[in-house]
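Here is the structure we will look at.
Just so it is clear, none of the values below were taken in a lab; they were calculated from the coordinates. What you see is a predicted model, and the numbers here were worked out from it, not measured in a lab. Quick reminder, even Gly has a Cβ in these numbers, built from the backbone with ideal geometry, and neighbours come from all protein chains shown.
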Amino acid sequence: MRFLQLLGFAAVALSAPLLEGRAKSKSFLKQINETTWVLGNSLWNVTQNRQYANKLFYKGQDRVGKAVGHYVSYNGAASDLNWTSAAIVDSGSDYINVKFTAKEGDFHWVIYDDLAGAYQYFVNHALPVLGEFRTLWRLDNSSFTKGRTYLKDGPLPPLSDYLAATKVQDETWQKADGTYLTKYDWSAVLRSTDYYGVYGDKVGSWYFNPGKDYYNGDQTKGELMVHRESLTGDTVQLNMIHGTHFQAIATDTFADGKTWGPWLWYLNDGSKTDAAARAEEEEAKWPYKWYEALDKAYRTRGRMQGQLALSDGRAAAGANVFLGDSNSTLSTLDQGANYYYTTTADKDGKFVIKDIRQGTYGLYAWSNGGKIGDVSTTFIKNDVVIREGDNTNLKKLSWPVTDLKKRIFQVGDFDRKSVGFLGSGGYFHGRIATCPANITYTIGKSKPSDWCFGQSSFGKYSITFSLASIPTTATGAKLTVSMAGFSTGSAADVLLNDVKVGRITNSATILSSQDTYRGATVSGEWHLLEMPIAKAQLKVGVNKVDFNVTASTLWRGWFWDSVVLDWQ
Ligand SMILES: *[C@@H]1O[C@H](CO)[C@@H](O)[C@H](O)[C@H]1NC(C)=O
Ligand SMILES: *[C@@H]1O[C@H](CO)[C@@H](O)[C@H](O)[C@H]1NC(C)=O
Ligand SMILES: *[C@@H]1O[C@H](CO)[C@@H](O)[C@H](O)[C@H]1NC(C)=O
Ligand SMILES: *[C@@H]1O[C@H](CO)[C@@H](O)[C@H](O)[C@H]1NC(C)=O
Ligand SMILES: *[C@@H]1O[C@H](CO)[C@@H](O)[C@H](O)[C@H]1NC(C)=O
Ligand SMILES: *[C@@H]1O[C@H](CO)[C@@H](O)[C@H](O)[C@H]1NC(C)=O
Ligand SMILES: *[C@@H]1O[C@H](CO)[C@@H](O)[C@H](O)[C@H]1NC(C)=O
């Protein structure tokens, strides 16, 4: 009896670790006290306090270390959300859905038992009117030494470089060798992003944001993705779900229930190949089936198709298509309260967007260069209704364009980007200062790469063109100046044959945006200026248009999209 009892006890003692092992492989939420919780599974766990999740155990080590950890915040660090409670609000055989509640809304971690990482989403209840809203990780910098976006991949500059350098502007330093250090060089175009994150030799932390319909702005929008925190040295992995880093003031009011995500925060051994494969898998799974049961508005989606034809009979080949707010007074870049969908038309101008949340939208289209790079106008159709399970077929849509017979010249393609010009590409602090002070572009001889992507130094960019005759039917001409970005501080007079016809300067129509000075070189906030030209100002023979800089501030100015002159 005694022997059996001992045996029985021994048997229990032996099986206990096994049982514990099984219990541990389940995802869990444990409350430690009023303001601290631990959540995760057997692969990882996070300690969440009132504001910060300051511990992340993964692969045998705390991957937050001395860094700040995970938090959700708006309009800067003064507004980090404070979690007042946490609960498991849904679960299945292999996952739990943990909700953290703050007065502004709920942040969810959906934890699968076998997944290193978690799906996350935020449901708004009472966020204030805001421009910036983000979730982020500030991680251990010895575990996560590098950053990866689709534009840039490599070691994050060490904090010691910042300490030894001279601050020259907002989060930007100059090193002794003359080169610059800035977090903004780690930016990328949000809607072109496949995956991004921070990694080292043993671990990687990644964000996959399939669908991207909860982001503000259009396909030109850039955002900061990863960086070295310049005060503490933390490795930062941002999730700018509503951002304005390269824009003028862009604020939105959100309805109760507006939801950002779900996206996947994913941990691995640092392999980019694995991260890339997982990103594709997530994109294919979007919209997420597992989430549909929880959110009717997420589930109720429809489809839209159409074909864009230019009024001159051409197909709108490769056009940018944006499905956004109906009857909006905001630019497509500045829209951000709702949900947004983007695609490009095919060579015949046909486009399809699937999985659109039910609702009433505005359809916008603009040239993406190439075959329709001459098109300066934007196509807009309001009141596009998307219904659950339905295909909204808009059929053939006519897009009014300028008669090309009236075109006198064009420099660069219309695409709201500086693509094709010298220096255009990526985010590089200070590159605008390397643009020549003076350029003369001769129509018929020069090529776009002879024109620089931006202008900010004292000097003059000139376009010279020849007119064989002045059409009798013309009443005048119109100069269209399309700019892909503008940061106040520099200004120029626009002259036609030495007579001033306009100005590039900070004004109600050209709001300053944070693009040019923060090192964007391709797209920031787009502006279209139209300047009427009197017929008598043009002459047979050689004419010229000058952009003569009258005020210059280092790194501030504008970058070009296209310049055209048309007969009216
Ligand atoms: C709750 O627990 C955490 C972690 O043990 C501890 O740092 C914190 O001081 C505790 N808070 C309270 C109010 O007891
Ligand atoms: C979190 O992970 C660490 C390291 O694996 C482990 O020691 C700790 O017990 C885990 N916490 C919980 C609550 O499971
Ligand atoms: C969260 O609490 C901190 C400390 O009490 C406070 O400074 C901060 O403003 C709070 N955040 C918000 C968004 O209210
Ligand atoms: C990592 O952070 C520490 C402070 O926690 C800092 O002293 C160190 O310089 C940082 N390392 C790098 C490579 O920036
Ligand atoms: C939106 O604008 C269209 C014209 O583009 C107009 O017909 C329609 O009534 C407007 N809808 C609303 C809701 O204001
Ligand atoms: C630009 O042209 C002006 C006028 O010809 C000239 O004074 C100036 O030196 C030129 N700037 C540079 C950097 O060549
Ligand atoms: C061009 O701007 C400069 C100031 O940078 C000014 O001195 C010059 O007179 C201007 N030229 C013309 C033709 O307006």
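So which of Lys221/Lys405; Lys460/Lys535; Lys212/Lys447 end up more than 26 Å apart by C-alpha?
Among Lys221/Lys405; Lys460/Lys535; Lys212/Lys447, the Cα-Cα distance tops 26 Å for Lys221/Lys405; Lys212/Lys447.
Rounded to the nearest 20 Debye, what is the dipole magnitude of the chain about its Cα centre when Lys and Arg each give +1 and Asp and Glu each give -1 at the C-beta?
580
Once every Cα of the chain carries one equal point scatterer and solvent is ignored, give the base-10 log of I(q)/I(0) from the Debye formula at q = 0.07, 0.08 Å⁻¹, two decimals.
So the normalised log intensities work out to -0.48, -0.61.
At each listed q (0.14 Å⁻¹), what is the log10 of I(q)/I(0) that the Debye formula gives for segment 300-399 modelled as equal alpha-carbon point scatterers?
Ignoring solvent entirely, the Cα scatterers give -0.47.
If Lys and Arg each add +1 and Asp and Glu each add -1, what is the summed charge of the other residues whose beta carbon sits under 10 Å from the beta carbon of Tyr74?
For residues surrounding Tyr74, the net value is -2.
If we restrict to alpha carbons, what Rg and Dmax does segment 240-280 come to, in Å?
Considering segment 240-280 through its Cα atoms, Rg and Dmax are 15.6, 40 Å.
Past the 29 Å Cα-Cα mark, which pairs from Lys396/Lys544; Lys347/Lys381; Lys167/Lys500; Lys354/Lys406; Lys66/Lys175; Lys396/Lys417?
Working: Lys396/Lys544 40 Å; Lys347/Lys381 21 Å; Lys167/Lys500 38 Å; Lys354/Lys406 38 Å; Lys66/Lys175 26 Å; Lys396/Lys417 27 Å.
Checking Cα-Cα distances, Lys396/Lys544; Lys167/Lys500; Lys354/Lys406 exceed 29 Å.
Of all the Cα-Cα pairs you can form in segment 87-217, what percent are over 20 Å apart?
Tail of P(r) above 20 Å: 61 percent of Cα pairs.
Which lysines does Lys59 reach when only Cα atoms under 22 Å apart count, and residues fewer than 8 places away in its own chain are ignored?
Within reach: Lys24, Lys26, Lys30, Lys146, Lys202, Lys272.
Which value in deg cm²/dmol, rounded to the nearest 500, describes the helix-derived mean residue ellipticity at 222 nm for the chain, given -39,500 (n - 2.57) per DSSP H run of n ≥ 4 and division by the residue count?
It comes out at -2500 deg cm²/dmol, rounded to the nearest 500.
Please state the relative contact order of the chain as a whole percent: Cα pairs under 8 Å, 6+ residues apart?
After rounding, I find 11 percent.
Give me the extension gain from Ser446 to Ala536: residue separation times 0.36 nm, minus the current Cα-Cα distance, reported in nm with one decimal.
Numbers: separation 90, 0.36 × 90 = 32.40 nm, distance 2.65 nm.
Taking 0.36 nm per residue and subtracting the Cα distance, the gain is 29.8 nm.
When only C-alpha pairs under 8 Å and at least 6 residues apart count, what is the relative contact order of segment 300-399, in percent? Before the final figure, lay out each step's value.
On the way: 251 pairs, mean separation 42.7, N = 100.
For segment 300-399, the relative contact order is 43 percent.
Pulled fully out, how much extra length does the chain show between Lys381 and Arg299, if you take 0.36 nm times their separation in residues and subtract their Cα-Cα distance?
27.0 nm
Which net charge results for the neighbourhood of Glu281, defined as the other residues with beta-carbon distances under 13 angstrom from its beta-carbon, given Lys and Arg at +1 and Asp and Glu at -1?
-3
What is the sum of charges, Lys and Arg at +1 and Asp and Glu at -1, for the other residues whose Cβ falls under 13 Å from the Cβ of Ser457? The partial results should precede the final answer.
On the way: positive: Arg431, Lys460, Arg556; negative: none.
After counting each charged neighbour, the total is +3.
Separation between the Lys175 and Leu554 pseudo-spin-labels, each 7 Å from Cα along Cα→Cβ, expressed in nm?
1.8
Give me the angle, in degrees from 0 to 90, between the Cα long axis of helix 272-285 and the longest principal axis of the Cα atoms of the chain, rounded to the nearest 10.
Once rounded, one gets 80 degrees.
Gain in length, Arg503 to Ser73, computed as 0.36 nm per residue apart minus the alpha-carbon separation, to one decimal in nm?
Contour length minus the Cα-Cα distance gives 150.9 nm.
Under 1.5 on a/c is rounded, so check that first for segment 2-297, then, if it is not, pick prolate when a/b is larger than b/c and oblate when it is not; a ≥ b ≥ c are the square roots of the alpha carbon gyration tensor eigenvalues.
The shape class here is prolate.
Could you pull out the chymotrypsin sites (Phe, Trp or Tyr not before Pro) across segment 118-210 that fall in loop regions by DSSP (anything but H, G, I, E, B) with no more than 16 other Cβ atoms inside 10 Å? Spell out each step's value before the answer.
Numbers: sites: Tyr119, Tyr121, Phe122, Phe133, Trp137, Phe144, Tyr150, Tyr162, Trp173, Tyr180, Tyr184, Trp186, Tyr195, Tyr196, Tyr199, Trp206, Tyr207, Phe208; in loops: Phe144, Tyr150, Tyr195.
Within segment 118-210, the qualifying chymotrypsin sites (Phe, Trp or Tyr not before Pro) (loop, at most 16 other Cβ atoms within 10 Å) are Tyr150.
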